[in-house]
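Each remark here refers to the structure printed beneath this line.
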Amino acid sequence: MSTKPTEAMNNKAIKYGIGVVALALVGYNSIYIQPLDQKLAENQQTVFNAKAYVDGIWNQDLAKAYQDCSDISQLIDSFNQDVNSTFEKNSHALGIGNIGYFRVKGEGIVSAVNENNVLLQVGSSRIEIETEFIFGNALRDASGLVKINDYEDTADFNSISEAMNDRIRQEVIPSFRSKVKEGDSVKFEGAIELNKVHLNLDQLEVIPFTLQISS
């Protein structure tokens, strides 16, 4: 009885088995097993922390920007003389359009303490200091410090406004609201949003950055 067919089959089986093992080794070596802690660290590096960013610029760059701003009475006078020129020289905006954001400062006498705002008489103008509805992008965009092109993810860019507004709501507004009363003198720094086409200078609404009371 011949054993050649059996030997041939055995040889083929051995070769097949070796091939499977070799293929498995190649596949195993081609798979990169990344340690979990390394993967988590990489994920953490890609998450933008808006609060940490805002905290980092708050007392230096942001404070300096709002100290170096237009007196609100002078800004109003400038608008009355030349709207386009005032927008060009003083406003910040994300792009071409009619909306501009302005850094302003001033001092006025409290004429009313309302549920959502405090009204100041600043010279011949009435100014509304927002104390409840601290939303939007005015503080971020008026600062001129944050550029949308620096952020690939618009969610990161928008989260900066949220972090700034949160800090104002938590750290600036409560102490101010608890003390302010009619007749007080209030110094303020903040931001306003204006539309060049539909410009309304009556009772400008200021999102505050700083508020200081002197009775």
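The values are calculated or read from the model by the stated rules, or taken from the named source; none is laboratory data. None of the values given here were measured: they were computed from a predicted structure. Note: ideal-geometry Cβ built from the backbone for every residue, glycine included; neighbour counts use all protein chains shown.
What the table below lists for this structure:
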read-out: Given (1) touching a strand residue (DSSP E or B) at 6+ places or on another chain (Cβ under 7 Å); (2) modelled with pLDDT of 95 or more; (3) among the aliphatic types (A, V, I, L, M), index of the condition Ala93 fails; value: (2)
read-out: Spans of helices (runs of 4 or more DSSP H) in segment 33-75 with at least 2 residues touching a helix residue (DSSP H, G or I) at 6+ places or on another chain (Cβ under 8 Å) and either within 25 Å of Ile127 (Cα to Cα) or at pLDDT below 95 (or both); value: 63-67
read-out: Scan of segment 188-215 for residues that are small (Gly, Ala, Ser) and either under 21 Å from the mean Cα position of the chain (by Cα) or surrounded by 21 or more Cβ atoms within 10 Å (Cβ to Cβ) (or both), ordered by number; value: Gly190, Ala191
read-out: Check on Leu145, under 24 Å from Ile109 (Cα atoms) and touching a residue at least 60 places away in the same chain (Cβ under 8 Å); value: no
read-out: Among (1) outside any strand (DSSP E or B); (2) in contact with a helix residue (DSSP H, G or I) (Cβ under 7 Å, 6 or more places away or on another chain); (3) not basic (Lys, Arg) - the single one Ser85 does not satisfy; value: (2)
read-out: Breaking point among (1) at pLDDT below 95; (2) of a type in the set (Ser, Thr, Tyr); (3) over 20 Å from Gly100 (Cα atoms), for Thr154; value: (3)
read-out: Yes/no for Val83 being out of contact with any Phe, Trp or Tyr (no Cβ under 8 Å at 6 or more places or on another chain) and either outside the structural domain of Ser143 (by TED's automatic domain parsing) or over 20 Å from Gly123 (Cβ atoms) (or both); value: no
read-out: Tabulated pairs, segment 62-85, first under 20 Å from Gly108 (Cα atoms), second at pLDDT 95 or above and exposed (fewer than 12 other Cβ atoms within 10 Å of the Cβ), C-beta under 7 angstrom, 6+ apart or interchain; value: none
read-out: Matching residues in segment 104-153 - criterion: being closer than 17 Å to Leu75 by Cα and touching a His at 6+ places or on another chain (Cβ under 8 Å); value: Ala142, Ser143
read-out: Selection count where residues are in contact with a helix residue (DSSP H, G or I) (Cβ under 9 Å, 6 or more places away or on another chain) and in a strand (DSSP E or B), scope segment 153-204; value: 9
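Residues checked against (1) modelled with pLDDT under 95; (2) under 15 Å from Glu189 (Cβ atoms); (3) aliphatic (A, V, I, L, M):
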residue	(1), (2), (3)
Asn98	yes, no, no
Arg103	no, yes, no
Asn114	no, no, no
Asn117	no, no, no
Gln121	no, no, no
Ala138	no, yes, yes
Asp141	no, no, no
